[in-house]
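See structure below.
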Amino acid sequence: MKNYQIWFQLIMKRLLKNPIFVLTLLLIPVMVLGIRFSAGAGSSMLKVAIYVPKGDSERLEQQLALRLIESSQKAVTFYMTGSEKDLRLDVAESRAACGYILPEDLDASLREFPVSGKPALKAVRQKDELRTKIIDELVFSSIYDRMSYDILDEFIHKKTGKNLSPEQNKNFQKYRKSQIFIEYQYADGSANQILQKSQNPLVLPLRGMTAVLLLLSGMTGTLFWYHDKNNKLFVRLAKRERYPIHLLYVAVPVLLAGLCGLAAIFLTGISSSPASELLAMFLYLLDIIVFCSFLRLLLPRKEWILAAIPVFAAGSLIVSPVFTDLTLLFPSLKYARLFTPVSWYLEGMHSSSGRLLMLVPVFILPVLEILLRRLYLWFHFNEDIL
């Protein structure tokens with residue numbers, strides 16, 4: 001045990017003295033700082049112009065404009081223009097993604113809409129695209145509470161010839177209390193803080209990128225092991241001691257990267273409960289250790305591992321749901337996720353059953369490794385690769 005402690009300390013010191021590894025390790029906090037800098041005061045991914053004719057501040061259109069501006073966040077920022085012409089000019093010159101022109105009497109327009117079908121406000125845009133449709137939903141949801149009663153009343157009247165009954169109105173009032181139409185919650189029951197209005201959407205892929213970096217750290221540890229093995233550093237070690245030493249070569253860099261990754265996840269506000277985060281990260285570290293150990297047996301040369309690193313990095317970013325879920329377009333990709341540790345972590349993060357599945361590779365891969373070792377010996381392969 002004392003020998004392993006010495007090896008642990010030696011590997012740790014060596015890694016921390018390696019500028020390339022330290023630079024790679026610093027990628028996580030640098031990404032966080034870069035995202036925070038890009039989300040500084042006044043920055044926004046989308047700007048939306050609003051024009052409302054001057055009038056009493058108590059009028060609905062004035063209150064709506066003020067409410068939209070106050071709801072501005074890092075993803076979407078609403079701002080007021082001095083005239084309808086200025087609004088159209090901002091949209092035409094791409095200073096605004098789109099714009100909305102509110103009428104002088106929005107309350108009357110909303111009351112008439114269920115009967116006349118005449119639009120209550122105007123939307124101005126260069127072209128119809130996904131981002132403007134999303135902004136439409138933000139704007140329309142802000143007036144839905146006001147117009148929903150009239151729409152429901154008109155619908156009931158058309159179907160039955162009567163207005164809303166007291167019982168129907170009671171049910172309507174019950175379901176209109178909250179302005180949140182959709183609420184997200186993790187599978188383990190903890191609250192999802194990602195959708196807070198102050199949340200910067202640029203941090204959302206950070207968990208997946210951290211998971212990829214941890215995998216690369218483990219493979220880098222295997223490279224260090226091969227380098228020392230080729231330099232005959234393990235010649236005096238008994239064969240039974242070489243396997244635990246290789247696990248240390250993988251575990252130490254992954255542990256360092258995991259600590260940085262956890263810190264970034266907590267700092268950016270994309271974390272679940274601390275207990276869930278720590279448990280999932282611990283299981284992921286175990287997954288990477290057994291995966292890299294098995295990979296060393298499949299790729300028994302330093303050059304092969306070196307060539308595999310960019311393949312696994314790019315493959316994990318494409319196959320795993322880091323930036324987007326491509327299985328919605330290509331369902332067959334879900335089978336490729338069975339072989340990517342990043343997917344094990346991202347899909348098992350927020351549920352007890354998912355975390356239980358993360359334990360499966362911890363038991364299966366060592367068994368497969370033992371069988372593969374015996375197969376190598378059976379066919380008289382070079383024992384030195386073992």
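Note on Glu84 and Asp105: their simple-model spin labels are 1.7 nm apart, each label 7 Å out from Cα toward Cβ. Annotation note: chymotrypsin sites (Phe, Trp or Tyr not before Pro) in region 277-386 located in DSSP loop regions with a Cβ neighbour count of at most 15 within 10 Å are Phe323, Phe379, Phe381. Computed extension gain for Trp378 through Ile6, at 0.36 nm per residue and net of the alpha carbon distance, reaches 130.4 nm. Counting charges near Gly261 (Lys, Arg +1; Asp, Glu -1) among other residues having Cβ under 12 Å from its Cβ returns a value of 0. Computed in the context of the full set of protein chains, the accessible area of region 277-386 at 1.4 Å probe radius has 75% of its extent on carbon or sulfur.
For region 80-125, the C-alpha radius of gyration sits at 1.32 times the compact-globule guess of 2.2 N^0.38 Å, with N the residue count.
Multiplying the sequence separation of Glu129 and Asn171 by 0.36 nm and subtracting their Cα-Cα distance, what value in nm do you get? Each step should come with its number before you reach the end.
Values: separation 42, 0.36 × 42 = 15.12 nm, distance 3.59 nm.
Length gained between Glu129 and Asn171: 11.5 nm.
Within region 74-158, which GluC sites (Glu not before Pro) sit in a loop by DSSP and count at most 11 neighbouring Cβ atoms inside 10 Å? Answer in residue order: Glu93, Glu129. Compactness ratio for region 251-357: Cα radius of gyration over 2.2 N^0.38 Å (N = residue count) comes to 1.13. Tally Lys and Arg at +1 and Asp and Glu at -1 over the other residues with C-beta under 15 Å from the C-beta of Tyr249: what net charge comes out? Result for the neighbourhood of Tyr249: +4.
The values are calculated or read from the model by the stated rules, or taken from the named source; none is laboratory data. On a predicted model such as this, the values are computed, not experimentally measured, just so you know. Neighbour counts run over all protein chains shown; Cβ positions are idealised from the backbone, glycine included. Surface accessibility is based on the protein's heavy atoms, side chains included, excluding ligands, DNA and RNA. Shrake-Rupley method; radii C 1.70, N 1.55, O 1.52, S 1.80 Å.
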